[in-house]
Amino acid sequence: MNPLLRITGLHKSFASLRVLLGVDLDVARGEKVSIIGPNGSGKTTLLRCINYLEKPTSGHIYIDGKLIGEKQTNGGYVHLSDRELAKERQEIGFVFQRFNLFPHLTALGNVTIAPQKVLGLSKDEAERRGLEMLEKVGLSHKVNEYPERLSGGQQQRVAIARVLAMQPKLMLFDEATSALDPELIGEVLRVMRQLAAEGRTMVIVTHEIQFAGEVSDRVVFMDQGK
C-alpha cells in the first residue's frame, strides 16, 4: 500500500543555518511514528514543513499520493497560494506546544469555529461534532468554560478536540506536553494513547521516551537535521 505520508529529500535552511539535511520518511495509514532527539535536531521544523507552516528549501511532501504545498508547472515546482494551502491543511491536524486557544471563545467555541468557517458546517452540525470531540477528550463538563478557567492540561485537550473536529487524515503533535506541569502531562498522554488505539495516523515529536515506546509502531531518532 502507498504510505499516507511520504517525505522525500527534504531540506530546510534559514539563511545560512541548515536545519534539515535530506530527510526521507514514509508513514503508513494508521501508523504511529514518534520522533525523538536532542533540542535543535530539526524535529519541530520537520513537522512544520509537513503542513507548510515552513516552506521546505527543497524536497517534496505527499499526503495520500498527492503533492502538498506545491504544484508542478512547466517542468518545475511552484508553491501554492495561501488560499490553496489553507484547503490542503484541512487534511493535516497540528497540536502545538502552546495551546493557541482563542481567549474570547468557550471550549466549545474554540472547537466549532474552524468546522463552520473552513468546512462550511452549520452551527448545529459544528456544535454536535464539537460536543462529541470534547466528550472524547474528557471535557464534556467544561464546554462553556473559557480558556483562562481551564488548566493547562484541559486547554491542551481542547486543542486536541479542535483538531479532531476537522477530521484530518494525519495528526501531528509537536511536544504536546512540554508546556505542562508534570501532574498535568498524564491527562494529555491518556488522550493521545486513546487516539493511537483508534488507529489514527500520528506523527509525534516528544521527549516522553516511555510514552513513545508504548504507543509507537516506530520511533525515529533525529540528530543534526538527519
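The values are calculated or read from the model by the stated rules, or taken from the named source; none is laboratory data. Quick caveat, the model's predicted, so the values are computed rather than measured. FYI the Cβ positions are ideal-geometry reconstructions off the backbone, even for glycines, and counts take in every protein chain you see. What goes into the accessible areas is simple: the full protein's heavy atoms, side chains included, and nothing from ligands, DNA or RNA. Shrake-Rupley method; radii C 1.70, N 1.55, O 1.52, S 1.80 Å.
Okay, here's what the table says:
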item: Arg18 versus Tyr146: modelled label distance in nm, points set 7 Å from Cα along the beta carbon direction; result: 5.0
item: Residue list for region 32-51, given a label point 7 angstrom along the Cα-to-Cβ vector of Glu84 and an amide N cut-off under 19 Å; result: 49-51
item: Relative contact order %, the chain, counting alpha carbon pairs below 8 Å whose residues are six or more apart; result: 30
item: Cα gyration tensor category, rounded, prolate or oblate, for region 1-92 with a/c compared to 1.5; result: oblate
item: Rg to Rh quotient for the chain, alpha carbon positions, Kirkwood Rh; result: 0.97
item: Mean projection area, nm², convex hull over Cα of region 89-202; result: 6.4
item: Portion, in percent, of the accessible area of region 1-85 that falls on carbon or sulfur, probe 1.4 Å; result: 48
item: Given charges at beta-carbon only (K, R positive; D, E negative), |dipole| of region 125-226 in Debye; result: 320
item: Paramagnetic reach from Val219 (point 7 Å along Cα→Cβ, amide N under 15 Å) across region 29-58; result: 32-38
item: Chain lengthening between Gln97 and Lys226 when straightened (0.36 nm per residue, less Cα-Cα); result: 44.2 nm
